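In what follows, a structure is listed as structure tokens, so that the remarks can point back to it.
The values are calculated or read from the model by the stated rules, or taken from the named source; none is laboratory data. Everything numeric here is computed off the predicted structure, so don't read it as measured data. Heads up, the Cβs are rebuilt from the backbone with ideal geometry, glycines too, and the neighbour counts pull from every protein chain shown.
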């Protein structure tokens, strides 16, 4: 799948771009759109108005993020977590708030917000994204073992390249250069050639005396469907 070839940053940016481009349509078409996409059984478990309200509040948060309006981000994310924790918007809001906290240098608050996002995530993919971000925030806070524990909780085939890169950072910070070298090597074996983070991982590995894995030219042109281009 194409999503497997994108790193965590690329997936995050695609989500944000989609929300920016489609935010207005979410409000008016959420009832019909979500019913059609996810099936009426998923939709019928809650009142339509509840989902519309959640979408409306999240759109307000997206706009607040664009304005860097910290007060609105805090209040809307708290509202979504309190009253709309049964929707994906609550988890997305918690991650957006964590981003703002990290920008402000408040890593401890970001860690708490990302833990909340994991708890509220409605599926494994979204929980995995939040967990990767949690590990990164914990590294920034100097919580190296906690970051390793967060990454260990990821499914084996989930965000593997990014996870191994972060694992290498944590191990290196803890003084375990051999294990860090192995983690960076595994990251490069997993990351797509076009991944934005790949060159940085290569530099980390070389700095530790490691050798950058040679990519098979055939593998480099295999597209997301598994067919050679």
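Does segment 159-179 hold any residues that are within 20 Å of residue 111 (Cα to Cα) and either surrounded by fewer than 19 Cβ atoms within 10 Å (Cβ to Cβ) or free of Cβ contacts under 8 Å to residues at least 12 places away in the same chain (or both), and which are they?
Within segment 159-179, 173, 174 meet the criteria.
Residue 126 - would you say it is touching a helix residue (DSSP H, G or I) at 6+ places or on another chain (Cβ under 9 Å) and either surrounded by fewer than 20 Cβ atoms within 10 Å (Cβ to Cβ) or at pLDDT below 90 (or both)?
Here the answer is yes, as residue 126 does meet what is asked.
Can you report the number of residues in segment 59-78 which are without any contact (Cβ under 8 Å) to a residue 24 or more places away in the chain and either in contact with a helix residue (DSSP H, G or I) (Cβ under 6 Å, 6 or more places away or on another chain) or under 14 Å from residue 121 (Cα atoms) (or both)?
4
Which one of the conditions (1) in contact with a helix residue (DSSP H, G or I) (Cβ under 6 Å, 6 or more places away or on another chain); (2) within 30 Å of residue 204 (Cα to Cα); (3) free of Cβ contacts under 8 Å to residues at least 60 places away in the same chain; (4) part of a helix (DSSP H, G or I) does residue 108 fail to meet, given that it meets all the rest?
With (1) in contact with a helix residue (DSSP H, G or I) (Cβ under 6 Å, 6 or more places away or on another chain); (2) within 30 Å of residue 204 (Cα to Cα); (3) free of Cβ contacts under 8 Å to residues at least 60 places away in the same chain; (4) part of a helix (DSSP H, G or I) applied to residue 108, the lone miss is (1).
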